[in-house]
Amino acid sequence: MDTKPIIAGNWKMHKSVEEGVSFVGKIKNRILDKVEAKVIFCPPFTSLFSIVKALNGTDFGVGAQNTHFDVQGAYTGEISIEMLKSTGVQYVILGHSERRHIFGETDIWINKKIHAALNAELVPIFCIGETLDDRKSNQTAQVLKNQLNLGLQGMESIDPLKMIIAYEPVWAIGTGETASLHQVAEAHGYIQSVLERMFGQVGYEVPILYGGSVNENNAAELIQTDCVSGFLIGGASIKEESFCNIVEQVSKFYKR
Ligand code: PGA
């Protein structure tokens, strides 16, 4: 790899403020000198401010797991991009399959959220991926293309390098079942070709993360797979040993 791999940890609904701060402190002490990757922690909203503070002065990044697209308003329980920005985060995960499938987020909403993030100069980590039914019925490419087209509608003139795509097959998230190297290479190559059609040559350079049961046993081979720029990790990102191990393994493949 000749660009630094990106490893984002999606903590989902795990860890209190105290647990989160203590966790990133331990990770920082263990791997700070050895990291040849862009590591991004995505804790729950409640911990963002404290974790940004705990990581101040390091290269570690911090991201939120969702946002609302409006600046402010009567949206009980929601958080705006400006509020996220005021905590000091640089990234935001958008369109995660749990948001789409459990909370019913539509492509239209996700599109508005990506617009809001880019306008506020936060980097969206835009998640796409097919369900098992989609894959079984040979709809994977079509689903990925639709999610990209709808999610990125109206963004033809943006600098696509200001975003990160995460390919996360829904059937591989939290299931212990990882997509095969062939499936990953095929999907990532396809996503690149769609991005190239949208943005021209620079589309090839948009980082594409793989997510779905990444762990310390499969990280090394996945990171060497064609068109894989890094990982979005759920379960293994909240365990100190596993996460450090993955970051250390992945760092070995980055050649300055
Ligand atoms: P997982 O989750 O690593 O636990 O499969 C990935 C994700 O949901 O981003």
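Some points to look at:
- Members of the stretch 98-120 that are closer than 15 Å to Lys85 by Cα and out of contact with any His (no Cβ under 9 Å at 6 or more places or on another chain): Ile114, His115, Ala117, Leu118, Asn119, Ala120
- Residue in the stretch 196-207 that is at pLDDT 95 or above, in contact with a Cys (Cβ under 9 Å, 6 or more places away or on another chain) and within 16 Å of the ligand (Cβ to nearest atom) present: no
- Residue, most open to solvent (accessible area, probe 1.4 Å), within the stretch 219-235, restricted to residues that are within 23 Å of Phe23 (Cα to Cα) and touching a residue at least 40 places away in the same chain (Cβ under 8 Å): Gly235
- Selection count, the stretch 160-182, where residues are surrounded by fewer than 17 Cβ atoms within 10 Å (Cβ to Cβ) and either free of Cβ contacts under 8 Å to residues at least 24 places away in the same chain or within 13 Å of the ligand (Cβ to nearest atom) (or both): 6
- Of the residues making up the stretch 230-252, those that are touching a Leu at 6+ places or on another chain (Cβ under 6 Å) and either over 20 Å from Glu98 (Cα atoms) or not aromatic (Phe, Trp, Tyr) (or both) are Gly230, Leu232.
- Within the stretch 134-153, the residues that satisfy the criterion of being assigned to a helix (DSSP H, G or I) and hydrophobic (A, V, I, L, M, F, W, C) are Ala141, Val143, Leu144, Leu148, Leu150.
The values are calculated or read from the model by the stated rules, or taken from the named source; none is laboratory data. This structure is a prediction, so every number in the text was calculated from the model and none was measured. So basically every Cβ, Gly included, is an ideal-geometry build from the backbone, and we count neighbours across all protein chains shown. For accessibility, only protein heavy atoms count, side chains too; no ligands or nucleic acids. Shrake-Rupley method; radii C 1.70, N 1.55, O 1.52, S 1.80 Å.
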